[in-house]
Amino acid sequence: MVGWRRVAWAVPVLPAALVTGYLAWGAWASARHPRLFFLDHEWLHAWLSPHDGDAVLLVVIAAWLAAWLLYSLPRRREPGSAGLILVVAMVVIGGFLGTASLAPCRGGQSRTAVLAWVLSLYVGSLEPRYGTTTCPSLQYPLALQLARTICLGAALVGALAVAAVLWRQPLGRLLARTVKDATILAGLDAMTVPLLHSLTSGGHKNRVVVVEPDGHHPLLEEARSTGARIVVADPTSERVLRPLLNGFRGPQLRYLYALRTAATDNEKILSAAKAVLGDIGDPDNPPHLIARIDDPRHADLWRGEHVGVSPLWFEDAVSPQEPTARALVHQVYRTGARQVVICGDSTLALAILLEVAHHAWEDWELLQAADLGEARAAAADPAALALAQAARPGITLNQVERVVLLDRRAADLLREYVHTSPRPIAAALQDVTARGETWRDHLLGCLDEMTPAQAGRTAVVIADAPSEASMHEAGRAAQLHPGTPVFVLSRDGAGVTGAAFDQLRPFQRALLVDGGPPEDTWTRIARHWHECYRLSHPAGPGGAKKLTRQPWAELPEFIREDNVLQLRSVMTAVVARGRRWVPSRAVLPGSFVELTDTDVEEVARREHFRWYKRRREAGWRAAAAGHHDDDAKISSNGPGWAGLPGHVRAAEREYVRFQLDQLEAVGFMPVLPDCGPADAGDYLRIGEVRAERLTAGHAWRNPAGDELAGTDGDWHVVDELGHERTVRDLEFRETHEPLDGDRWRRTGTVRAWQVSDTVVVRTLEGRAEAHRGDWIVQGPGSVRWPVRDEQFRRGYRRIPSDGALTARW
């Protein structure tokens, strides 16, 4: 079909050429016999009458136009082909008709004179050869009338084409500055072009700007065909980005996708954008800055280090493995599979396993929230319970009950999964089995071991690098077990494709999820928060605030954005308290210090102020105490934190703690700097203790009454006041010197700081509290523990700043 379309232009060319030749013959004949087409009414002559030939001119113009359209439409994505053919055709047709009309009129002049007369047609001039002795007719033949139009049109079209090439880049930049709520994309390849098509679909093509430094990039014309604005310039340049980010109507950026294959290039693009946003950014409308980092481990660490740094933007990283895994897991869930067999040892295999666990955790959280909401509704009235039950999500707890890792290095893959998964997420997917076998040799046997019912409830995912051998083995498994969906990785592109045969489903690494742009990390967290909140706090019959109880997809854009801004506000406020966000797997055991009540109060206060300010700017009105209605845009919660009722402030603080717990559950924790807060100092350990090595677990209490425990191999330490504690073997040997018997001298230096509020420290032995006036001590490996003030003053001596030791654990 496509081949016929590319040659269909030949059909109208034949009649167009015949009519054009007919006009040329008429022009040649009329030069010799000027009255031929006026006196002779024969149809062959009458159609060429200069004053009655409109029909013939319309026919030839329509035929050539149809030929050009049939030629250009199948080639519209080929740079310059159709336009060049149009200009050449006009030049040739105009020259042919002009020559046929003027050559008989040259008289005794040379043939070069005819060439000059024809060339003059292209600039709108005409040598007055008719009405002379050689061409006595006073009327121009139809061929010459058409030639004048075509030649002048060829010159005009050519000039416009040249101008378009010369002005394409300046015009692209100018049009890009008119975009409102812009999405800027930098980086074109096999994965980003499908994303570009998705971004420009749905009537949003004029909101997308592509910045590409290579004006000859092979995918640039396809990018133009999407309707996106094209800017040929260096996306790492602040000078280039400033007018794009700050358009004619002010700051206009909504999303910036830095998607070049090199992570360093993407970091440079974001650095340039942040430099511009630092001058023009609006904290009430922060854009999302998303960098492509192909290694998902690097991407995870990168996003943790960059989030919450500024209130003027969000930063996130996207690895192709992550949206690929998300889209694939959605497809697996749609098959109704209860068991998943993951073949291969790759970063994609790890991403798929993590996504299955994350999906299971989200389902568990939603069902827990629904249960809580129904319990609250039942305590209110039966009508409220009915509404809560109607809002329950249609999901099944633990739909995927078991995951089997099939690869020679499956045990290593399982170890990395356990090490990198946040505990709540890993707990949601408990049954993960590693089979250390070469999957190509044992996949079929693994499926053969199952009953037909079990195989029908199993999905196979082949996540090894694309190869003919992988596709061959996947096809064999799909044919011999036609009830088992088999997903096999193929080349990069747009995502999961349809079934090749039976239930063999090739999929590609892609940046799309279910055909749309991937949900960034922070939007996904905000969406989950909202869904849990609406399910656990159902609206009563006829009650207010129904607007915020709608599912995420049905929320007004203002409320959806507010949920994301709330997340940004909380994370930024935490950073302002001297913390930085890191992936939980990067937090050293025994080093985490939780936020204090004062910290949580300040985070809640700042979030409330942001919440109130945004609503007032959106036209919300104040209301009487206790009255709040999102639908009517009225609220009784004023701007002053201190003026809020106590129960409202308490609820805000509890919700902040819930958000912090949720962030930790998905793998992000706010940690203190490695060297402690600004007021931390270096101290020398002094004194003696008695210690013995444990041969079994030992439970004990610290002076604050916290229940802690040591394990086999730890040291049981008792100071001179009889206070006990347990210490890990490595830490103990680094900080104690043997004296005699069970006596040891305390040695080494530590970092320490005094606290002004109750602080919870997650020590290696358990959760312990440091109360006002107590100290937090940081020893080897950044391990931290609380020490009572009187105990600290006996066991530690401040090292003067001018002689401070620089050793750090």
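The values are calculated or read from the model by the stated rules, or taken from the named source; none is laboratory data. Computed from a predicted model, the values in this text were never measured in an experiment. Glycine also receives a Cβ, built like all others from the backbone with ideal geometry; neighbour counts cover every protein chain displayed. The accessibility values were calculated without ligands, DNA or RNA, using every heavy atom of the protein model including side chains. Shrake-Rupley method; radii C 1.70, N 1.55, O 1.52, S 1.80 Å.
Using only the alpha-carbon atoms, how far is helix 597-617 inclined from the longest principal axis of the chain? Give it as 0 to 90 degrees, nearest 10.
The answer is roughly 30 degrees.
What is the distance, in nm, between label points placed 7 Å from the Cα along the Cα-to-Cβ direction at residue 201 and at residue 7?
Spacing of the two 7 Å Cα→Cβ label points: 3.4 nm.
Can you tell me the orientation of helix 10-32 relative to the chain, as the angle in degrees between its alpha-carbon axis and the longest Cα principal axis, to the nearest 10?
The answer is roughly 30 degrees.
Any idea what the dipole of the chain comes to, in debye rounded to 20, about its Cα centre with Lys/Arg Cβ at +1 and Asp/Glu Cβ at -1?
Roughly 2920 debye for the chain.
Going by average Cβ density within 10 Å per residue, which order do the peptides 266-273, 553-560 take, highest to lowest?
266-273, 553-560
Give the percent of DSSP beta bridges with both residues in the chain that are antiparallel, rounded to the nearest 5.
Of those bridges, close to 55 percent are antiparallel.
So how much slack lies between residue 655 and residue 557, counting 0.36 nm per residue of separation and subtracting their Cα-Cα distance, in nm?
Gain on extension, residue 655 to residue 557, equals 33.1 nm.
Multiply the residue separation of residue 491 and residue 389 by 0.36 nm, subtract the distance between their alpha-carbon atoms, and state the gained length in nm to one decimal.
Length difference between fully extended and current span is 32.3 nm.
Can you pull the percent of the chain's accessible area that's carbon plus sulfur, 1.4 Å probe, other chains left in place?
Carbon and sulfur together cover 56 percent of it.
Of the listed peptides 711-722, 455-466, what is their order by residue-averaged count of other C-beta atoms within 10 Å, with the highest listed first?
455-466, 711-722
So if we plug the beta-carbon distance of residue 533 and residue 693 into 1/(1 + (r/R0)^6) with R0 = 41 Å, what FRET efficiency do we get, rounded to 0.05?
Given R0 = 41 Å and the Cβ-Cβ separation, E is 0.25.
Give me the percent of Cα-Cα pairs in the stretch 639-796 that sit more than 19 Å apart, rounded to a whole number.
Tail fraction, whole percent: 62.
Would you mind computing, in nm to one decimal, how far apart the modelled labels at residue 261 and residue 585 are, each placed 7 Å from Cα along Cα→Cβ?
With each label point 7 Å from Cα toward Cβ, the separation is 2.6 nm.
Rounded to the nearest whole Å², what accessible area per residue is found for the chain with the 1.4 Å probe?
46
Based on the Kirkwood radius over alpha-carbon pairs, what value in µm²/s does the Stokes-Einstein equation return for the translational diffusion coefficient of the chain at 4 °C and 1.567 mPa s?
The estimated diffusion coefficient comes to 39 µm²/s.
In nm, what is the difference between 0.36 nm times the number of residues separating residue 72 and residue 790 and their Cα-Cα distance?
Contour length minus the Cα-Cα distance gives 249.7 nm.
Which one, 121, 213, 800, projects farthest toward the positive side of the charge dipole computed for the chain from Cβ point charges (K/R +1, D/E -1)?
Sorting the options by dipole projection puts first 121.
Could you please tell me the mean projected area of the C-alpha convex hull for the stretch 322-410, averaged over all directions and given in square nanometres to one decimal?
6.3
Given charges of +1 on the Cβ of Lys and Arg and -1 on the Cβ of Asp and Glu, with all other atoms neutral, how large is the dipole of the stretch 228-312 about its Cα centre, in debye to the nearest 20?
280
Using each residue's phi in the stretch 574-587, evaluate 6.51 cos²θ - 1.76 cosθ + 1.60 at θ = phi - 60° and report the 3J(HN,Hα) Karplus result to the nearest Hz, with x for Gly and Pro.
3J(HN,Hα) across the stretch 574-587, in whole Hz: 5, 4, 5, 8, x, 9, 9, 8, 9, x, 4, 5, 8, 7.
Taking the dipole about the Cα centre of the chain, with the C-beta of Lys and Arg at +1 and of Asp and Glu at -1, give me whichever of 184, 428, 378 is farthest to the positive side.
184
Run the paramagnetic zone check for residue 675: 7 angstrom along Cα to Cβ, then residues of the stretch 777-799 with backbone nitrogen under 19 Å.
777-784, 798-799
Extending each Cα 7 Å along its Cβ direction at residue 408 and residue 111, get the distance between those two points in nm, one decimal.
So the two model labels end up 7.7 nm from each other.
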